[in-house]
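In what follows, a structure is listed as structure tokens, so that the remarks can point back to it.
The values are calculated or read from the model by the stated rules, or taken from the named source; none is laboratory data. The structure displayed is predicted, hence computed values, not measured ones. Here the Cβ positions follow ideal geometry from the backbone for every residue, glycine too, while neighbour counts run over all protein chains shown. The area values use the complete protein model at the heavy-atom level, side chains included, leaving out ligands, DNA and RNA. Shrake-Rupley method; radii C 1.70, N 1.55, O 1.52, S 1.80 Å.
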Amino acid sequence: MAKLIKEQPVVLIMAGGKGERFWPRSRTNSPKQLQKVYSSKTLLRETIDRALTITSMDRIFIGTNANLKQEILKKDPKFPANNFIIEPEGKNTAPIIALSALYFQKKFGNPNLVVLSADAFIDPIKEFTNTIKQALYETEHGMVLLGIKPNRPEIGYGYISAGKATEAGFLVKGFFEKPDYKTALKYIKKKNFYWNPGIFIFRVETILEEFQKHSPNILQPLASRFPFKNFGDLKTAFALLPSEAIDTAIMEKSTKIRMVEASFQWDDVGSWLSLERILPENQGNHHQGKEVFYHKAKGNISSVQKDLIAFLGVQDLIVVEEPDVLFVASRASINDIKSMLASIRKNKVLQKYLD
């Protein structure tokens, strides 16, 4: 067992995504992370409460855009209004992490930084806390990411292969992009292969050094103008940056990367299909809401507001109810939801249901 780090880390919660695959619950102006998907709390509030088990509220920050900042404060008015890292435009994860690291260096010095997504399911919380505490020890030797032991051949996640054991984890041997199903079957048979959940832990100075070494085209436009005089200066700098994920900008290039195996259940809550892995099963179906009744029905997923929803002789349906939209899809076609939304966007009468 590795020794524990006493210093409280800074936490950056990434909350700028659109969450289109969770339409109609998720909309442009109030996306998935601001919605209640699997509990009585929004996904973002679930993440904040999770972060509070490893640090204090004054060291938790949310990375998002200016419009969503206002929506977040409406839904969570107790969150500190100054604890936001605002990106002028969405450019994947690397630019906002670089910007955040510069800000945290100025404000806190060289703290440990834990990067979380705002829309994951993690259970139990106690195991999350314990895993992060172990990962914090490894930051004395480099950057750290968590690894999730696969329990199915998932084609929607990237994979990590673990190498030589360290005191609290492993050296990272390699990264593998989202595979096809045949390849995923091979991956889950390997004892050293893990899902990459996108949870990163590192010292601020370490990540800035790695940006300088591997992606100076992201760091330099920001660092040369930091601290920014106004939002316009930040917008000008951001326009110069490429849109790139932290995985390809830094992690896959670095030789200072370690992995700690997570001891908790994790799901990226990427689409409505995720609910069958999170919600309790009822005769082969999964439901969120009030009363539900099934008769010769199986494989259905529902999230509705009516007092009762009854399924008769149907299977593999997804039913989602919002005050202004009722969405019904087959499981087989749910991956086409973005294509459907693009078509709705072109309809001037219907596009209001996307915002």
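Table for the structure above
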item: Lone unmet requirement of (1) open to solvent by less than 50 Å² (accessible area, probe 1.4 Å); (2) of a type in the set (Ser, Thr, Tyr); (3) in contact with a Ser or Thr (Cβ under 8 Å, 6 or more places away or on another chain) for residue 274; result: (3)
item: For residue 309: the one exception among (1) assigned to a helix (DSSP H, G or I); (2) more than 22 Å from the chain's Cα centre (by Cα); result: (1)
item: Filter pass, residue 198 being open to solvent by less than 80 Å² (accessible area, probe 1.4 Å) and out of contact with any Leu (no Cβ under 9 Å at 6 or more places or on another chain); result: no
item: Among the residues listed as 183, 206, 255, the single one being assigned to a loop (DSSP other than H, G, I, E, B), in the same structural domain as residue 159 (by the TED database) and of a type in the set (Val, Ile, Thr); result: 255
item: Residue check for residue 100: within 17 Å of the chain's Cα centre (by Cα), open to solvent by less than 10 Å² (accessible area, probe 1.4 Å) and in contact (Cβ under 8 Å) with a residue 12 or more places away in the chain; result: yes
item: From the options 92, 82, 112, 65, residue that is open to solvent by 40 Å² or more (accessible area, probe 1.4 Å), touching a residue at least 60 places away in the same chain (Cβ under 8 Å) and of a type outside the set (A, V, I, L, M, F, W, C); result: 92
item: Flag for residue 260 being in contact (Cβ under 8 Å) with a residue 24 or more places away in the chain and either of a type outside the set (Asp, Glu) or open to solvent by 40 Å² or more (accessible area, probe 1.4 Å) (or both); result: yes
item: Qualifying residue in the stretch 339-349 (condition: under 20 Å from residue 29 (Cβ atoms), surrounded by fewer than 13 Cβ atoms within 10 Å (Cβ to Cβ) and hydrophobic (A, V, I, L, M, F, W, C)); result: yes
item: Tally of residues being touching an Asp or Glu at 6+ places or on another chain (Cβ under 9 Å) and among the small types (Gly, Ala, Ser) across the stretch 67-104; result: 2
item: Subset of the stretch 162-191 that is open to solvent by 50 Å² or more (accessible area, probe 1.4 Å) and under 22 Å from residue 134 (Cβ atoms) - its residue that is modelled with the lowest pLDDT; result: 167
